[in-house]
Amino acid sequence: IAGITQAPTSQILAAGRRMTLRCTQDMRHNAMYWYRQDLGLGLRLIHYSNTAGTTGKGEVPDGYSVSRANTDDFPLTLASAVPSQTSVYFCASSLKPGGPDTQYFGPGTRLTVL
Amino acid sequence: GQNIDQPTEMTATEGAIVQINCTYQTSGFNGLFWYQQHAGEAPTFLSYNVLDGLEEKGRFSSFLSRSKGYSYLLLKELQMKDSASYLCAVRDKDYKLSFGAGTTVTVRA
């Protein structure tokens, strides 16, 4: 059982380039999330999806977009990367948004924008 | 929105007990989670509280007081492998999680 996977593991990107971070889960979870983690700031929610076909904005959505065409995949796109988007990005999923169900996190993507 | 505070760092000796406090202010409380994160790895779930009181899971316990906006994570019989960052997260009425910056616990022999 793979759980939740992310690709790439790490990436160095030139500013202004477009980049898509991939996230796939095989747990048939309804809800999926994208976070960024920066030193001293903790995890901050970028975008989320409570079910396939719907998405919502989190705390720091500017410069990022997402889509949720099916249950398993939740890609995050940086349309034109900027150095402030250098961070570690975590994708997470949960069976449903509420209740005691925890969020399960992928291994993360370390992104550096130069 | 949420405002979540927890200490930045704590150090304790192997075999000891450490208590990590978390205070929060929220516009709509819908549960509190604690996660453990080792350096370079993803966060992993430790505990969940939605009602006041203590939840015990082996060496780890978590307490919640909703009226005080307060939780703590208690780590007993500390082991070297417990050296990690511990994240307090509050879920709001829209089911979104907000995280504190994390508490780095260092266990010394």
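The values are calculated or read from the model by the stated rules, or taken from the named source; none is laboratory data. Predicted model, so just to flag it, every value in this text is computed and none were measured. Here Cβ is always computed from backbone atoms with ideal geometry, including for glycine, and neighbour counts include all displayed protein chains. Each accessible area value is taken on the protein alone, full model and side chains, heavy atoms only, with ligands, DNA and RNA left out. Shrake-Rupley method; radii C 1.70, N 1.55, O 1.52, S 1.80 Å.
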Check your understanding: Which residue pairs have Cβ atoms closer than 8 Å, lie 6 or more positions apart in sequence or on different chains, and pair a first residue in the stretch A:1-21 that is of a type in the set (D, E, K, R) with a second residue that is surrounded by 10 or more Cβ atoms within 10 Å (Cβ to Cβ) and part of a strand (DSSP E or B)?
Key -> A:18/A:77; A:18/A:78
Revision key, fill the gap. Counted residues in the stretch B:1-19 being within 14 Å of another protein chain (Cβ to nearest Cβ) and not in a loop (DSSP other than H, G, I, E, B) come to 5
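Mind telling me which of the residues A:28, A:44, A:36, A:18 ends up being charged (D, E, K, R) and in contact with a helix residue (DSSP H, G or I) (Cβ under 9 Å, 6 or more places away or on another chain)?
The unique qualifying residue is A:36.
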Check your understanding: Going through the stretch A:31-54 one residue at a time, which ones are buried (at least 18 other Cβ atoms within 10 Å of the Cβ) and assigned to a loop (DSSP other than H, G, I, E, B)?
Key -> A:50
Point to revise | Residues located in the stretch B:53-109, provided they are in contact with a helix residue (DSSP H, G or I) (Cβ under 9 Å, 6 or more places away or on another chain) and more than 24 Å from residue A:92 (Cβ to Cβ) | key: B:59, B:107, B:108, B:109
Exercise for review: State all residues of the stretch A:15-56 that are charged (D, E, K, R) and more than 10 Å from chain B (Cβ to nearest Cβ); if no residue qualifies, say none.
Suggested key: A:17, A:18, A:22, A:26, A:28, A:36
Practice item. Please name all residue pairs, on different chains or six or more residues apart, with Cβ atoms under 6 Å, provided the first residue is in the stretch A:93-114 and is in contact (Cβ under 8 Å) with a residue 12 or more places away in the chain and more than 21 Å from residue B:37 (Cα to Cα) and the second residue is in a loop (DSSP other than H, G, I, E, B) and open to solvent by less than 10 Å² (accessible area, probe 1.4 Å). Key: A:113/A:81
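Tally up the residues in the stretch B:20-46 that are of a type in the set (Gly, Ala, Ser) and at the interface with another protein chain (Cβ under 9 Å from one of its Cβ atoms), please. Give the derivation first.
At the first step, the residues of the stretch B:20-46 found to be of a type in the set (Gly, Ala, Ser) are B:27-28, B:31, B:39-40, B:42.
If we keep only those that are at the interface with another protein chain (Cβ under 9 Å from one of its Cβ atoms) too, we end up with B:31, B:40, B:42.
The qualifying residues number 3.
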Review point. Which pairs have Cβ atoms under 9 Å, sit 6 or more apart or on different chains, and link a residue in the stretch A:25-38 that is more than 9 Å from residue A:103 (Cβ to Cβ) and basic (Lys, Arg) to one that is modelled with pLDDT under 95 and surrounded by fewer than 24 Cβ atoms within 10 Å (Cβ to Cβ)?
Key: A:28/A:95
Check your understanding: Which condition breaks for residue B:19 when tested against (1) buried (at least 16 other Cβ atoms within 10 Å of the Cβ); (2) touching a strand residue (DSSP E or B) at 6+ places or on another chain (Cβ under 6 Å)?
Key -> (1)
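So which residues in the stretch A:86-102 are part of a loop (DSSP other than H, G, I, E, B) and over 12 Å from residue A:30 (Cβ atoms), if there are any at all? Please lay out each step first, then the result.
So the first thing to find is which residues in the stretch A:86-102 are part of a loop (DSSP other than H, G, I, E, B), and the list is A:86, A:95-102.
Of everything in the stretch A:86-102, those that are part of a loop (DSSP other than H, G, I, E, B) and over 12 Å from residue A:30 (Cβ atoms) turn out to be A:86, A:100, A:102.
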Review point. Which members of the stretch A:72-114 meet the condition of being open to solvent by less than 60 Å² (accessible area, probe 1.4 Å), within 8 Å of another protein chain (Cβ to nearest Cβ) and either among the hydroxyl-bearing types (Ser, Thr, Tyr) or touching an Asp or Glu at 6+ places or on another chain (Cβ under 7 Å) (or both)?
Key: A:102
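Restricting attention to the stretch A:1-30, which residues are assigned to a strand (DSSP E or B) and not β-branched (Val, Ile, Thr)?
Within the stretch A:1-30, the first condition is being assigned to a strand (DSSP E or B), and the residues that meet it are A:4-7, A:10-13, A:19-25.
A:6, A:7, A:10, A:11, A:13, A:19, A:21, A:22, A:23, A:25, listed by residue number.
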Point to revise | Tally of residues being under 21 Å from residue B:80 (Cβ atoms) and among the small types (Gly, Ala, Ser) across the stretch B:1-46 | key: 6
**Study point:** Qualifying positions in the stretch A:55-71 - open to solvent by 30 Å² or more (accessible area, probe 1.4 Å), over 11 Å from the mean Cα position of the chain (by Cα) and of a type outside the set (Val, Ile, Thr)
**Key:** A:57, A:59, A:62, A:63, A:69, A:70
